[in-house]
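Have a look at the structure below before the remarks.
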Amino acid sequence: MTFQSIIEEIENNLKMILTDLSVPTISFTVEVAKPGFGDVSSNIAFLLAKEMKKSPKEITQILSEKYSQCVSELVLKTEAHPSGYLNFFADWSKLSELILSQSYLDTFGDVDIGNNSNIVVEHTSVNPNKALHIGHIRNIVVGDTVSRILAKVNYKVNVLNYIDDSGLQVADIIVGFKHFGFNEEPPNGKKFDHYCGDDVYVKTTQKYELDSSLEEIRKNTLKELEDGNSEIAAFGDLITRKVLAGQLQTCWNLNVSYDCLNFESQIIRSGLWSKIFEKLKEMGLIEFENEGKNAQCWVIRGDGNEEDKVIVRSNGTATYIAKDIPYAAWKLGLLDDPFYYQKYDARQPNCKTLWQTSLNGENTNQNFTAKKVVTVIDSRQERLQKIITVLMEKFNSTPDSYVHLGYESVTLSSDTAKTLGLETDGKQAQMSGRKGLYVSADSVCELLKQKITEETKKRHSEMSDSEIEKIAQSVSIGTLRYEMIKQDLDKIITFDLAKSLSLEGDTAPYIQYAYARASRILEKSGITPSIDVDFSLLRENSELDLIKTIGLFNSQVRDAANNFAPKVIARYCHDLAVSFNSFYEHVKVLDSDNDALKSSRICLVNSFNLTLEKALDLLGISAPHKM
RNA sequence: GGGCCUAUAGCUCAGCAUGGAUAGAGUGUUGGACUUCUAAUCCAAUGGUCAAGGGAUCGAAGCCCUUUGGGCCCA
């Protein structure tokens, strides 16, 4: 138990007091107090004001007196605040022991929400025709962070990456290679995914604009691509897998791993669509339209004002949403699994085996489906995702089984757009792969790494290159991941190249620096941290504040998981670092002549490090011992 | 025309789900703190009719309604 212990104790006592006063049960809050108002506070008196026909001020005094007669382990005293709040002061010698000894356990912060059940998280899902740009990174980092949080709350998480290897975007680069003379080997050792995106894709789409007769070539290529047996399809497979390899390299560099790669081309060829199409007809979830503008089409009826959505066109071809329906149903385990699974040859950051779907082979023992599915896609796809969510609910009659986790897009600041050659009149600009208007993830990582290498060299002239490289890697990835996660999912991130290189304030380096400082204290102390210390010696405000923050880890994890809100953990890491830095300035750990006090403080410093390490791990950020 | 998101300090954002105390950070600007456990830090000052209007409430940044600005999706 952690800080939650004292909250529960207070809740129970207050409930008993209510029974005592024979007042009907009401749902009052008991929560961490604002600074300056004790440790815990409750709004209970406000809620009783009507019932008891007294002012909150009077009631809180009555409650405060009553409380002093209760058995309390962790509460030292109560305060009837004139505002009407009932405030509690903790017995820190006991609470510190409780929190700090818990924080030394490997399981600290574990919460059981998932009950060891399966859950699927799908993220990334980028067309394999270009390098990942900074907008994709938001998806990837959100998805990866949510996966880590879900694992912490006792879900068995399967992470999927959907490879959309059969659409128009892929057809476009194939046209580039086959018809416009692009060499299959990139020039000057350029990374293949960058070459396809920056050169082949952008220049091919430019040519379409100049010559509309090329549209025919494009259409034919797409058709051949979708026919699995053609030479073009085989060539497409070769190219997209090479691009994918480049994309995965970027992801792994960001500390992101997957469990399975699902290829769209195989989903199409697996026959899943025709199976679910029949079921949807049987269940009456789709209808054949006899008249109107959608005559001869199969449609999903729109809810209320919504338009009907065409699923199968009058010429018999399935629309784009039709591909998503069997895939969603497959993820939920609602269809017989048509896939065999092969190992993808790679060493991932978490050392887990990466599998990929295949339509032939032997291994069928893998299962990547779950009763609960989270799909991370930006909110521009909300309409489509809503249709799928509603359809899946009707299909398996389980509410909330299919969750679309949406987020707003990443745009470019006008300054950054300008450096890419686009004048925007001071406005932010939407990124576009087609127009070549984007900032690639690899380039941002590289710039950050260079800057951090310089900064580290300035501070540590004695360090070896390999040590500096390790720090630069950890801090650069941390910086990028933190920027992508720290704000709310429904706020647009305006990416500015210059500002993204900032390493001060509310950034990952700030947090990582606190860890490095703490590590240094532990290293220099010559004491092995232990929880066999006198906790009552920790009395300074900055010490108690740090302990309190450490004790809030569990509740923050719970909050983050329940709301799929990765930023909650980001803010928590920042809070921890702020508390620690304040402690660092106010209290000199190693200066003390008092050995008992020194040991207690070392215990606290180590507790901070252990907790921050776990919290940062949920964000996929590592904590360097020096920087 | 319909739908979704958004508006809080000069700038970037927390807080809003579950209404109560003094609306918090970062950044910027100004000043201060390194012979000390690492100054990627800390301290102080500065800065807010919480977009506007209305409603319900003892009480609203938060809830309801209307309007406006910005972004996106569909038609």
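Can you list which of the trypsin sites (Lys or Arg not before Pro) found in the range A:527-614 are DSSP loop residues with at most 13 other C-beta atoms within 10 Å?
Counting only loop positions with at most 13 other Cβ atoms within 10 Å, the trypsin sites (Lys or Arg not before Pro) in the range A:527-614 are A:Arg539, A:Lys588.
For chain A, what is the accessible area per residue in Å², given a 1.4 Å probe and the full set of protein chains?
46 Å²
Placing unit charges on C-beta atoms (Lys and Arg positive, Asp and Glu negative, everything else neutral), compute the dipole magnitude of chain A about its Cα centre in debye, rounded to 20.
Computed charge dipole of chain A: roughly 280 debye.
Could you tell me the relative contact order of the range A:110-189? Use alpha-carbon pairs under 8 Å, at least six residues apart, and round to a whole percent.
For the range A:110-189, the relative contact order is 41 percent.
I'd like the distance separating the alpha-carbon centroids of the range A:463-479 and the range A:14-73, in whole Å.
Taking the Cα centre of each part, the range A:463-479 and the range A:14-73 sit 52 Å apart.
Roughly to the nearest percent, how much of the accessible area of chain A is carbon and sulfur, given a 1.4 Å probe?
Numbers: 13480 of 28930 Å².
That fraction is 47 percent.
Calculate, for A:Lys470 and A:Glu382, the FRET efficiency according to 1/(1 + (r/R0)^6) with r their C-beta to C-beta distance and R0 35 Å; round to the nearest 0.05.
FRET efficiency, A:Lys470 to A:Glu382: 0.30.
Just the accessible area for A:Arg301, please: 1.4 Å probe, Å², rounded to the nearest 10?
About 90 Å², rounded to the nearest 10.
About its Cα centre, how strong a charge dipole does the range A:3-90 have in debye, to the nearest 20, once Lys and Arg get +1 and Asp and Glu get -1 at the Cβ?
Magnitude of the dipole: close to 380 debye.
Compute the separation of the alpha-carbon centres of the range A:111-186 and the range A:308-379 and state it in Å as a whole number.
12 Å
Once the Cα atoms of helix A:56-68 and of chain A are each reduced to a long axis, what angle between those two axes, in degrees from 0 to 90 to the nearest 10, is obtained?
For A:56-68 against chain A, the angle is about 70 degrees.
Given 0.36 nm per residue, what is the gain on full extension from A:Ile492 to A:Ser93 after removing their alpha carbon distance, in nm?
139.1 nm
Using +1 at the C-beta of Lys and Arg and -1 at the C-beta of Asp and Glu, which of A:Ser464, A:Ala417, A:Ser440 has the Cα lying farthest in the positive direction of the dipole of the range A:414-500?
Result: A:Ala417, furthest along the dipole toward the positive end.
Relative to the longest principal Cα axis of chain A, at what angle does helix A:320-331 sit, 0 to 90 degrees, rounded to 10?
Orientation of helix A:320-331: about 50 degrees from the principal axis.
Note down the nm distance, to one decimal, between modelled labels 7 Å out along Cα→Cβ at A:Asn367 and at A:Lys34.
It is 5.1 nm.
Mean residue ellipticity at 222 nm from the helices of chain A, using -39,500 (n - 2.57) per DSSP H segment of n ≥ 4 over the full residue count, to the nearest 500 deg cm²/dmol?
-15500 deg cm²/dmol
In the range A:1-134, what is the count of Lys pairs whose alpha carbons are under 21 Å apart, counting only pairs at least 8 residues apart or on separate chains?
The result is 15.
Which parts of the range A:419-433 would a label at A:Lys499 reach, counting a residue when its backbone N lies under 17 Å from a point 7 Å out along Cα-to-Cβ?
The answer is A:419-420, A:424-431.
Can you pull out the trypsin sites (Lys or Arg not before Pro) in the range A:1-101 whose DSSP state is coil and whose Cβ has at most 11 other Cβ atoms within 10 Å?
Those that pass, being in a loop and sparsely packed, are A:Lys53.
If a/c stays under 1.5 just call it rounded; otherwise compare a/b with b/c (prolate if a/b is bigger, oblate if not). Do that for the range A:510-627, with a ≥ b ≥ c from the square roots of the Cα gyration tensor eigenvalues.
Prolate, because a/c is 1.5 or more and a/b exceeds b/c.
Using alpha-carbon pairs under 8 Å, 6+ residues apart, how would you state the relative contact order of chain A in percent?
Contact order relative to length: 15 percent.
Once you order the gyration tensor axes a ≥ b ≥ c over the Cα atoms, which shape class does the range A:505-558 get: rounded for a/c under 1.5, otherwise prolate or oblate by comparing a/b with b/c?
Since a/c reaches 1.5 but b/c is at least a/b, the shape of the range A:505-558 is classed as oblate.
Mind checking the full-extension length gain between A:Lys457 and A:Glu393? Use 0.36 nm per residue of separation minus the Cα-Cα distance, one decimal, nm.
Between A:Lys457 and A:Glu393, full extension yields 17.4 nm more.
Using a Förster distance of 45 angstrom, determine the FRET efficiency expected from the C-beta separation of A:Asn315 and A:Leu422, and round it to 0.05.
Between A:Asn315 and A:Leu422 the formula returns 0.70.
Return one number: the angle in degrees, 0 to 90 and rounded to the nearest 10, between the long axis of the Cα atoms of helix A:168-179 and the longest principal axis of the Cα atoms of chain A.
50 degrees
A:Leu590 to A:Asn43: FRET efficiency via 1/(1 + (r/R0)^6), r the Cβ-Cβ distance, R0 35 Å, to the nearest 0.05?
Values: r = 43 Å, r/R0 = 1.23.
Taking R0 as 35 Å, the efficiency between A:Leu590 and A:Asn43 is 0.25.
The values are calculated or read from the model by the stated rules, or taken from the named source; none is laboratory data. Computed from a predicted model, the values in this text were never measured in an experiment. In this analysis, Cβ positions are derived from the backbone assuming ideal geometry, glycine residues included, and neighbour counts consider all displayed protein chains. When the accessible area is computed, the model is the full protein with side chains, heavy atoms only, and any ligands, DNA or RNA have been set aside. Shrake-Rupley method; radii C 1.70, N 1.55, O 1.52, S 1.80 Å.
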